[in-house]
Ligand SMILES: [Zn+2]
């Protein structure tokens, strides 16, 4: 049995044998970037990412001009020094990828999920997992209480909200991040035959992603004087004051009963780009790892749940220091 690939966490996830950082927040010599959500992405000497993520980074102006960007095709083996790299669809947003590594010397393997979900969304490629000895996974929704309802139910509620608001003479405003959720909303509106207006940041990203999204509804950039009768798609932070507008936020955090008040919206519905608690367990069952590292969200809680099921699981980051200290007593 090969030895496990070394993983360290010196303020970011680092694979010392490959000299490769995974989604680092600061500029590094060599980094894998799983998707284009962070504005800090790709200010690295060498960036490995999917082609779509690279296009998004260019349009968001987050690529350092002097850096090198390598965009292996999804699912294909990419030979890199003593490693075989594979980028696998992560199902999180369009272009999001997991990284699968094989150490050629002995066949040891590692899978880094980045942000992901197993459920099939409308705008992202379906997630594809692959067996690995070491699994580094995100646990944003790592508590048992986080179970998302079927997306078609949520979208049905969203469409009902849109129609009721329009029939009452109001302007429905659907809130979701400009990259990812906004395209999911647009895809969900594709059969509704309603005119749509979008915030400029949503327009910019949707233009880049249109070749990858299939059919979209008729949309145009936001114009306040002509907004009546339209469905609006805006990012949550954008300032918008219109008479008769009603707002609906789409976020996994809408599972929390206080979400609507916290976001200051009329309605909050749980539509998420992330894996929920059952999907996290399904991931572990499919990948069959010998060791699991957890990042983001409920890392300690999910690690102890996995350990109680017999897995070698540990939280990465400052929390695991605390956890190790506690368990030593
Ligand atoms: Zn993300």
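See the values below:
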{"read-out": "Sole exception among (1) at pLDDT below 95; (2) within 16 Å of the ligand (Cβ to nearest atom) for residue 59, by number", "value": "(2)"}
{"read-out": "Test: residue 66 is outside the structural domain of residue 205 (by TED's automatic domain parsing) and within 16 Å of the ligand (Cβ to nearest atom)", "value": "no"}
{"read-out": "Breaking point among (1) assigned by TED's automatic domain parsing to the domain that holds residue 22; (2) out of contact with any helix residue (DSSP H, G or I) (no Cβ under 6 Å at 6 or more places or on another chain), for residue 118", "value": "(2)"}
{"read-out": "The range 148-187 - residue that is farther than 20 Å from residue 214 by Cα and in contact with a helix residue (DSSP H, G or I) (Cβ under 6 Å, 6 or more places away or on another chain) and, of those, farthest from the ligand (Cβ to nearest atom)", "value": "172"}
{"read-out": "Condition met for residue 22 (buried (at least 17 other Cβ atoms within 10 Å of the Cβ), more than 16 Å from the ligand (Cβ to nearest atom) and closer than 19 Å to residue 129 by Cα)", "value": "no"}
{"read-out": "Test result for residue 292, surrounded by 14 or more Cβ atoms within 10 Å (Cβ to Cβ), at pLDDT 95 or above and in the same structural domain as residue 136 (by TED's automatic domain parsing)", "value": "yes"}
{"read-out": "Count of residues meeting criterion [part of a strand (DSSP E or B) and surrounded by 23 or more Cβ atoms within 10 Å (Cβ to Cβ)] in the range 161-178", "value": "4"}
{"read-out": "Test: residue in the range 12-21 that is assigned by TED's automatic domain parsing to the domain that holds residue 67, within 20 Å of residue 274 (Cα to Cα), assigned to a loop (DSSP other than H, G, I, E, B) and touching a residue at least 40 places away in the same chain (Cβ under 8 Å)", "value": "no"}
{"read-out": "Matching residues, the range 25-39, being within 16 Å of the ligand (Cβ to nearest atom) and either part of a loop (DSSP other than H, G, I, E, B) or farther than 15 Å from residue 98 by Cα (or both)", "value": "25, 33, 34, 35, 36, 37, 38, 39"}
{"read-out": "Residue within the range 71-84 that is more than 20 Å from residue 207 (Cα to Cα), in contact (Cβ under 8 Å) with a residue 40 or more places away in the chain, within 16 Å of the ligand (Cβ to nearest atom) and touching a strand residue (DSSP E or B) at 6+ places or on another chain (Cβ under 7 Å) present", "value": "no"}
{"read-out": "Within the range 90-124, considering residues that are without any contact (Cβ under 8 Å) to a residue 60 or more places away in the chain and within 14 Å of the ligand (Cβ to nearest atom), the one surrounded by the most Cβ atoms within 10 Å (Cβ to Cβ)", "value": "90"}
{"read-out": "Residues of the range 271-282 classified as buried (at least 22 other Cβ atoms within 10 Å of the Cβ) and away from the ligand (no atom under 16 Å from the Cβ), total", "value": "0"}
{"read-out": "Failed item, numbered, when residue 135 is tested on (1) more than 25 Å from residue 28 (Cα to Cα); (2) touching a strand residue (DSSP E or B) at 6+ places or on another chain (Cβ under 6 Å); (3) away from the ligand (no atom under 16 Å from the Cβ); (4) in contact (Cβ under 8 Å) with a residue 60 or more places away in the chain", "value": "(1)"}
{"read-out": "Every pair of residues 6+ apart whose Cβ atoms lie under 8 Å, when the first sits in the range 156-180 and is in the same structural domain as residue 193 (by TED's automatic domain parsing) and under 23 Å from residue 200 (Cα atoms) while the second is within 16 Å of the ligand (Cβ to nearest atom) and part of a strand (DSSP E or B)", "value": "158/250; 174/250; 175/250; 176/250"}
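The values are calculated or read from the model by the stated rules, or taken from the named source; none is laboratory data. All values reported here derive from a predicted model rather than from experimental measurement. Note: ideal-geometry Cβ built from the backbone for every residue, glycine included; neighbour counts use all protein chains shown.
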